[in-house]
Amino acid sequence: MKISGFTFIRNAITYDYPIVEAIQSILPICDEVIVAVGKSEDATLDLIKSINPTKIKIIETVWDDSLRAGGKVLADETDKAFKAIAEDTDWAFYIQGDEVVHEEDLEKIKEEMLRWKDAPKVDGLLFNYRHFYGSYDYVGTNSRWYPHEIRIIKNRSDIFSYQDAQGFRKGKNEKLNVKPIDAFIHHYGWVKEPEIQQKKRENFNKYWHSDDWMDKNVHDKNDFSYEEGMHSLTRFKGTHPQVMHERIAAKNWKLDRDISVDRTTLKEKLKGGIKKYTGLDFSYRNYRILR
């Protein structure tokens, strides 16, 4: 069984992406990792070259900044990396620049890939998610945080990155058939020093919105305020991936907010109650789960 990782990145240093940790987290079970490195204003290319020259395959790209509707450029860059993996690859392991896999899950993930490799109805594997917010100590619990997403797909030409590269589809825009696996993606996209988080937010709005929208809605600030997402957080009681330990130890800001106060909105409480007592789940699902 051959496994290829793939990802894309641009200006990783400027916006403090844990891309090195992301790649290192899947590297032990990958035969190669394709990294689409967009033309950057910093030393991102050199950073990627420093990881593991024997396994890393770099393709240098130029982002089409005109693809601004719905973050389409992110899917475009994902597809560039996906199409560059080896033809004899069985499974393609997608990891974004702010996502990390725990080393304790790697053997389990590999076992699931082997289990479903020759199952024609299975297009991909579905991961659980932990979304950290503001601090490495807290995770989001309300419906704004997607609980699952596809991160492993079959190496097939009919599969493509969907919308803003959150997930995948196939053929004529069909949802993938997936098998859930008991493994987690640790998402750290909302854990950055507030000044850098603000710069990242301002930059990434460009990939979803027009110039007019930007002029009306994006205001320059020195620091990002984590206040707006402080409701529905819970303390993380597990362990972080080993590759993240150095980054976590170097964190230089504090989340000064008492999360013991319940700030869950009425809408979220109603959703939670319905899910608890009826089993109905309002979470976004860009996939079909095979039972």
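Couple of notes before you dig in:
- Residue check for Lys39: within 30 Å of Lys251 (Cβ to Cβ), without any contact (Cβ under 8 Å) to a residue 24 or more places away in the chain and not small (Gly, Ala, Ser): no
- In region 64-85, of all residues being in a loop (DSSP other than H, G, I, E, B) and modelled with pLDDT of 95 or more, the one that is surrounded by the fewest Cβ atoms within 10 Å (Cβ to Cβ) corresponds to Ala84.
- Positions within region 102-127 being β-branched (Val, Ile, Thr) and under 21 Å from the mean Cα position of the chain (by Cα), in sequence order: Ile109
- Residue match in region 117-132 (condition: over 21 Å from Gln24 (Cα atoms), surrounded by 17 or more Cβ atoms within 10 Å (Cβ to Cβ) and among the aromatic types (Phe, Trp, Tyr)): no
- Residue match in region 131-140 (condition: in a strand (DSSP E or B), touching a His at 6+ places or on another chain (Cβ under 6 Å), at pLDDT 95 or above and closer than 27 Å to Asn11 by Cα): yes
- Complete set of residues in region 202-226 that are modelled with pLDDT under 70, in contact with a Lys or Arg (Cβ under 8 Å, 6 or more places away or on another chain) and assigned to a helix (DSSP H, G or I): Met214
- Here His187 passes the criteria (1) touching a helix residue (DSSP H, G or I) at 6+ places or on another chain (Cβ under 9 Å); (2) crowded, with 21+ Cβ neighbours inside 10 Å except the one numbered (1).
- Unmet criterion (only one of (1) assigned to a loop (DSSP other than H, G, I, E, B); (2) under 30 Å from Lys39 (Cβ atoms); (3) at pLDDT 95 or above) for Phe160: (1)
- Residues of region 163-183 classified as assigned to a loop (DSSP other than H, G, I, E, B) and surrounded by fewer than 19 Cβ atoms within 10 Å (Cβ to Cβ), total: 6
So that you can scan it fast, the table gives a plain yes or no per residue for (1) hydroxyl-bearing (Ser, Thr, Tyr); (2) at pLDDT below 75; (3) part of a loop (DSSP other than H, G, I, E, B):
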| position | (1), (2), (3) |
| --- | --- |
| Glu195 | no, no, no |
| Lys200 | no, no, no |
| Asp256 | no, yes, yes |
| Thr264 | yes, yes, yes |
| Asp281 | no, yes, yes |
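- Residue count for region 1-55, restricted to those that are more than 30 Å from Leu114 (Cβ to Cβ) and in a loop (DSSP other than H, G, I, E, B): 14
- Lys170 meets each of the listed conditions (1) modelled with pLDDT of 95 or more; (2) closer than 30 Å to Ala249 by Cα apart from (2).
The values are calculated or read from the model by the stated rules, or taken from the named source; none is laboratory data. The model shown is predicted, which means the values in this text are computed figures rather than measured ones. Because the Cβ atoms are built from the backbone with ideal geometry, glycine has one as well, and the counts that use them run over all protein chains shown.
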